[in-house]
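The values are calculated or read from the model by the stated rules, or taken from the named source; none is laboratory data. Computed from a prediction, not measured in an experiment: that's the story for all the values here. Reconstructed Cβ throughout: ideal geometry from the backbone, glycine too, with neighbour counts over all protein chains shown. Heads up: the accessible areas ignore ligands, DNA and RNA and are worked out on the full protein's heavy atoms, side chains in. Shrake-Rupley method; radii C 1.70, N 1.55, O 1.52, S 1.80 Å.
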Amino acid sequence: MSSPLITLNKVSKYHNTKETLSSVSLTINPGQIITLIGPNGAGKTTLVKIILNLIDIDEGVVFRSPDLRIGYMPQKLHIDQTLPITLERFLRLTEKNTKICSEVLEEVGIINQMKCPLSSLSGGEMQRALLARAILHKPNFLVLDEPVQGVDVAGQEALYKLIEELHRKLNCAVLMVSHDLHVVMSSTNEVLCLNNHVCCHGRPDQVSKNPAFIELFGESTNTYTTYTHHHDHKHELHGEVKLSKLDENGFSHD
Amino acid sequence: MIDVLLFALLAGIGVALITGPLGTFIVWRRMAYFGDTLAHSSLLGIALGLIFSLNTTLSVIFTCLVFALILVGLEQNKNLASDTLLGILSHTSLAFGLVVITLMPNVKVDLMSLLFGDLLTVNFKDVITVYIISTITLLMLVKIWDPLLAITIDEDLGRTEGVKFKLVRMMFMLLIALVIAVAMKVVGVLLITSLLIIPAATARSYSKTPEQMAFFASLIGSFSVVLGLLASWFIDTPAGPSIVLSAGLLFLISLTNKKNQ
């Protein structure tokens, strides 16, 4: 068995005197998909920043594998509207090789938007652009902060599919942050429920039965189901059903 | 007589060439007020230079850098709203500089020329100084362009990809200090920020990429210098304010171009 990519051992982080993270332990193994959930203010962002090595910890130990290559997809880009930038230039900020840039855009399905200004991309296309940038350097660990934010339901499903596909292709570990309890990828091996401390973690079906989880999120049935819902049609704006294999972004799903 | 105009033109364009590209970052990073504060602090730099009989360009660069460091340090402390903090520092340093300069014995300083620039008195030596500093600044900016752009778009993303964030930000501060030191002669302490942000904002409507915007900002800034100096020459208006006014007019014209907005 290969060694873990990153290990957190009893990590704590204080903000003023308040404990944002309390003794969090976490191990991420190669190829594993782990979903991080928790209410607002639970310290999800802080934990992600610690994993990305952006902030210092106050207590505990973080161990990183020497060959750890992280690809990070931020929650949202706040590009000032006075900054004109095309999708291609956005990728070339870190990768000078245009061929690699176009290959990656092909992979995430927005190659046609290559010369378009970033500001003209739709919500789904923007998330794909961020994903493209995250996988530019062939990471072995993808950190995705709310990857389907601002995307409609059909688009969300397509995006999750794409992430699964990239996970397979790159053979990388994936850490996904989500506050949406209703949707968890069917392929998630592990769920970590965070509320300043680790409430519970384990397989999705185990976590949903855990008393700590129920206390935090209530016992409304199906708060937590694996995502198995599929569309074989889509609804037009007027409500008529359109049989189609293509969603609005031109990506097929069934 | 014509060499007065020639030197003024050369110095003005030399400054505009670098305020354009650097100004784009001031605009993108929303640092107009930050730039203003540093520009105001340069008056204090002049005062210090006079007191200790140092080269005023060097003392201005030094003072601006110290202020930049103080500002960055204070910004980490989130207890004070950033614009309040900048407002306090900006006006205190301006007032302090004015008081110190007025109190100094045996020194007659033309305050108007410090505040609003004195482009028509530049000599050959000034022109050389402007081009040396502009060239250094431009080369440094080219060097840090990509990492600076990366952290401007998303700081966390840039840092995750390995941008040496503190070093790049420090270099950027140094560049601003250098540019303020040379731009002071052209438009004066009070109007420096306008030379940074107006050409950059004007260039926005004609640009598709960050680099285009930087290039057009240089061009538009230089054109403003030419227009302003012509006005100053023929209808005897003050040079610095005329340049800023020309830049403002060009900005108004650019608003009619909606193509890239």
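What the table shows:
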| quantity | calculated |
| --- | --- |
| Residue A:86, sole failed condition from (1) away from every other protein chain (no Cβ under 14 Å); (2) buried (at least 16 other Cβ atoms within 10 Å of the Cβ); (3) closer than 21 Å to residue B:146 by Cα | (1) |
| Scan of the stretch A:6-38 for residues that are modelled with pLDDT of 85 or more and on the phi > 0 side of the Ramachandran plot, ordered by number | A:10, A:23, A:31 |
| Residue check, residue A:81 within 14 Å of chain B (Cβ to nearest Cβ), open to solvent by 10 Å² or more (accessible area, probe 1.4 Å), within 30 Å of residue B:212 (Cβ to Cβ) and within 18 Å of the chain's Cα centre (by Cα) | no |
| Which numbered condition residue A:137 fails, given (1) more than 14 Å from chain B (Cβ to nearest Cβ); (2) open to solvent by 30 Å² or more (accessible area, probe 1.4 Å) | (1) |
| Pick from the stretch A:96-134, criterion open to solvent by 30 Å² or more (accessible area, probe 1.4 Å) and within 11 Å of another protein chain (Cβ to nearest Cβ), ranking: nearest to residue B:147 (Cα to Cα) | A:96 |
| Cβ pairs under 6 Å, 6+ apart, first in the stretch B:22-40 and facing chain A (nearest Cβ under 10 Å) and buried (at least 23 other Cβ atoms within 10 Å of the Cβ), second of a type in the set (Ser, Thr, Tyr) and in a helix (DSSP H, G or I) | B:28/B:152 |
| Residue, farthest from the other protein chains (Cβ to nearest Cβ), within the stretch B:41-58, restricted to residues that are of a type in the set (S, T, N, Q) and open to solvent by 10 Å² or more (accessible area, probe 1.4 Å) | B:53 |
| Some residue of the stretch A:5-15 being in a loop (DSSP other than H, G, I, E, B) and surrounded by fewer than 18 Cβ atoms within 10 Å (Cβ to Cβ) | no |
| Evaluation of residue A:65 against (1) within 20 Å of the chain's Cα centre (by Cα); (2) closer than 21 Å to residue A:170 by Cβ; (3) more than 14 Å from every other protein chain (Cβ to nearest Cβ) (one fails), failing number | (1) |
| Top-ranked residue in the stretch B:200-209 [being open to solvent by less than 10 Å² (accessible area, probe 1.4 Å) and at pLDDT 95 or above; ranked as farthest from the other protein chains (Cβ to nearest Cβ)] | B:202 |
| Only one of B:70, B:88 that is open to solvent by 70 Å² or more (accessible area, probe 1.4 Å), in a helix (DSSP H, G or I), under 17 Å from residue B:190 (Cα atoms) and at pLDDT below 90 | B:88 |
| Residue that is modelled with the highest pLDDT [pool: residues in the stretch A:188-223 that are touching a His at 6+ places or on another chain (Cβ under 9 Å) and either part of a helix (DSSP H, G or I) or surrounded by fewer than 16 Cβ atoms within 10 Å (Cβ to Cβ) (or both)] | A:207 |
| From A:97, A:112, residue being modelled with pLDDT under 90 and either outside the structural domain of residue A:25 (by TED's automatic domain parsing) or within 19 Å of residue B:159 (Cα to Cα) (or both) | A:97 |
| Filter result for residue B:129 (open to solvent by less than 10 Å² (accessible area, probe 1.4 Å), hydroxyl-bearing (Ser, Thr, Tyr), part of a helix (DSSP H, G or I) and away from chain A (no Cβ under 14 Å)) | no |
| Residue that is away from every other protein chain (no Cβ under 14 Å), more than 30 Å from residue B:150 (Cα to Cα) and buried (at least 19 other Cβ atoms within 10 Å of the Cβ), where the choices are B:188, B:221 | B:188 |
| Of residues in the stretch B:224-261 being outside any helix (DSSP H, G or I) and touching a Ser or Thr at 6+ places or on another chain (Cβ under 9 Å), the one surrounded by the most Cβ atoms within 10 Å (Cβ to Cβ) | B:238 |
| Condition met for residue A:72 (open to solvent by 10 Å² or more (accessible area, probe 1.4 Å), assigned to a strand (DSSP E or B) and away from chain B (no Cβ under 13 Å)) | no |
| Candidate set: the stretch B:136-168, residues that are open to solvent by 50 Å² or more (accessible area, probe 1.4 Å) and away from every other protein chain (no Cβ under 14 Å); chosen: the one nearest to residue A:73 (Cα to Cα) | B:167 |
| Subset of the stretch A:32-62 (residues that are outside any loop (DSSP other than H, G, I, E, B) and farther than 28 Å from residue A:166 by Cα) | A:59, A:60, A:61 |
| Residue check, residue A:28 within 14 Å of another protein chain (Cβ to nearest Cβ) and in contact with a strand residue (DSSP E or B) (Cβ under 8 Å, 6 or more places away or on another chain) | no |
